[in-house]
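Undergrad: First the structure, then my questions, so here it is.
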Amino acid sequence: MTTAAKLIARGLAKGREEGREEGTWIGKIQLLEQLMNVPPGAKENVESKSLAELEQRFAALQRDYDARFKNR
């Protein structure tokens, strides 16, 4: 395998991993929004967010969920 082919393969593998990770965060965010009955108009377009922004959105939703449902 040439050096270029190795670099391309490595880049593709990294892209797939990042895609899976983003997909996981999006799924978690959508689940929490569903559980908390977030109105459709209030939902952010999570598909266009960076991984860091997705993590922050999830953390904020998790805090809201915990405050509403776990501290009863």
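Undergrad: Over the chain, with a Gaussian network built from C-alpha contacts below 10 Å, which listed residue (Leu54, Leu32, Leu12) shows the highest mean-square fluctuation?
TA: Sorting by GNM fluctuation, first place goes to Leu12.
Undergrad: Please give the length that would be gained between Arg63 and Thr2 if that part of the chain were fully extended, namely 0.36 nm times their separation in residues minus their C-alpha to C-alpha distance (nm, one decimal).
TA: Additional length available on full extension: 17.1 nm.
Undergrad: Then there is this: How high is the relative contact order of the chain, given as a whole-number percent (alpha carbon pairs under 8 Å, six or more residues apart)?
TA: 37 percent.
Undergrad: Could you check the spin-label model distance between Glu17 and Glu53? Points 7 Å from the Cα along Cα→Cβ, value in nm.
TA: Distance between the two pseudo-spin positions: 2.4 nm.
FYI, it's all coordinate maths here, none of it is from the lab. Since we're looking at a predicted model, the values are computed, not measured. As a convention, Cβ positions derive from the backbone with ideal geometry for all residues, glycine included, and neighbour counts pool all protein chains shown.
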